[in-house]
1. Looking at Asp190, Asp181, which is the one that is more than 13 Å from the ligand (Cβ to nearest atom), of a type in the set (Asp, Glu), touching a residue at least 60 places away in the same chain (Cβ under 8 Å) and crowded, with 18+ Cβ neighbours inside 10 Å?
2. Taking the residues in the range 193-231 that are of a type outside the set (S, T, N, Q), under 24 Å from Leu62 (Cβ atoms) and assigned to a loop (DSSP other than H, G, I, E, B) as candidates, determine which candidate is farthest from the ligand (Cβ to nearest atom).
3. Please count how many residues of the range 138-162 are in a helix (DSSP H, G or I), of a type in the set (A, V, I, L, M, F, W, C) and touching a strand residue (DSSP E or B) at 6+ places or on another chain (Cβ under 7 Å).
4. Checking Phe129 against (1) within 16 Å of the ligand (Cβ to nearest atom); (2) touching a residue at least 60 places away in the same chain (Cβ under 8 Å), which single condition isn't satisfied?
5. Please go through the range 62-87 and give me each residue that is over 16 Å from His139 (Cα atoms) and either aliphatic (A, V, I, L, M) or in contact with a Cys (Cβ under 8 Å, 6 or more places away or on another chain) (or both), ordered by number.
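The values are calculated or read from the model by the stated rules, or taken from the named source; none is laboratory data. Predicted, not measured: the structure shown is a model, and the values here were computed from it. As a convention, Cβ positions derive from the backbone with ideal geometry for all residues, glycine included, and neighbour counts pool all protein chains shown.
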Amino acid sequence: MAGKEFGVLADSPERIKGRRDGEDEHQWVRDLKKNMAASGELRIFESLEDLAIDLAEYVAQLSEVFVKERGFFSIALTGGSLISLMRKLCEAPYNKTVDWTKWYVFWTDERAVGKTHVDSNYKLAKDGFLSKVSVLSSHIHSINDNLTVEEAAASYEFLIRQLVKVRIIDVSESTDCPKFDLILLEMGSDGHIASLFPHHQALKQSEEWVTFITDSPEPPPERITFSIPVINSASNIAVVAMGDDRAAAMQLVVCRNAVAPDAPLPASLISPTEGNLVWFVEREAATFLGTIAGDDQSLIEM
Ligand SMILES: O=C1O[C@H](COP(=O)(O)O)[C@@H](O)[C@H](O)[C@H]1O
C-alpha cells in the first residue's frame, strides 16, 4: 500500500460531477495531486457498494499482515454510516478467512450514553458488525458507560495504556502514543472526524490520548474522543467520505493550506506521523474535486 504518496484510483474520473468539460483527464489528476495537502492515497468509487467491497478487502489484508507480524490486530472503529459499510466483512470469504480471534476492537469516539442507547457507537457496531463475526467479547473494548464523561475518557486512556504495555496495541516510537494497526474514521459534513469538531478546543489536545467534550454541536453533547496525536500515530488510517453533503468539506481537505490555513477542518489535520492514510471517497463526495477552487471563501464559512 502506498505510504506518503498520493494516488488516484478512479475508474472513470470523467464521470465525477463537477469536472470541467473537455478537461484533460491527466491534467485533472495532476491538479488534484498538486492540491492534495494531506499525504495519502485517494480512492474514489462510483457507488457505496464498490466502496464497501474495497474497504472490506483493505481491512482484511491489514488484519492478515498484522496478525502475521504481531499476532494481534488492533482496530479502532467509529460511529456513523461507516459501520453499515462493514457489512461486506461479515460475508464470504471474510467471515471465514479473517482471523477474528486475533482482533482487539476499540472506538475512536463514543457518545456519553448507555450501551443500549440508540446513539451509542458501541451499539451501532455491535448490532451492525461485531455480532455477525467471531471477535471474542473479551477483546471488545468499549467505553465505560457508568462513569461521567470525564472519568470515562480517563479510564479509557488507562485501559489503552495497559494494552500498550503488553503490546496488544503497538506504540509509536516517535510520538510515544498508541499505534493502532488501523484507525477507521468517517468525515462528517462539517469536516469533523471522531468527535473532533471544527473550531473546538479538543482539536488542540496534545497531552491526553483520550479526551472529552461536553458541547458537541451534534447531539448528544457529551462525548469521548481520541486526540489528533493518537489518530496520527496509527499505522494505518482509513477515512470514509460519502454523500454529496460531504463534497464541500472534501474539497477543503484537499486544498486545506491554500484555503483555510488558520482554521483547518478536523479532517485536514489527519497526517500520519509514520503510517499510511487512505481516503475512501464515494463519487458524490468527490463532486468538487475536479474543479478545485482555492479561492472559494464561502466554503470557509461552513
Ligand atoms: O457523531 C459522529 O459522527 C461521525 C459521522 O457520522 P454520520 O452520522 O455523519 O455518518 C462519526 O464518524 C462519529 O464516530 C460519530 O460519533
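1. Asp181
2. Trp209
3. Kept after step one, since they are in a helix (DSSP H, G or I), are these residues of the range 138-162: 138-139, 149-162.
With of a type in the set (A, V, I, L, M, F, W, C) added as a condition, the list becomes 149, 152-154, 158-160.
With touching a strand residue (DSSP E or B) at 6+ places or on another chain (Cβ under 7 Å) added as a condition, the list becomes 149, 152-153, 160.
Residues meeting the conditions: 4.
4. So the condition that Phe129 fails would be (2).
5. Leu62, Val65, Leu82, Ile83, Leu85, Met86
Yes or no, residue by residue, for (1) within 14 Å of the ligand (Cβ to nearest atom); (2) at pLDDT below 95; (3) under 20 Å from Ala234 (Cα atoms):
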residue: Glu46; (1), (2), (3): no, yes, no
residue: Leu51; (1), (2), (3): yes, no, no
residue: Gln61; (1), (2), (3): no, no, yes
residue: Gly71; (1), (2), (3): no, no, yes
residue: Ala76; (1), (2), (3): yes, no, yes
residue: Thr116; (1), (2), (3): no, no, no
residue: Ala125; (1), (2), (3): yes, no, no
residue: Val133; (1), (2), (3): no, no, no
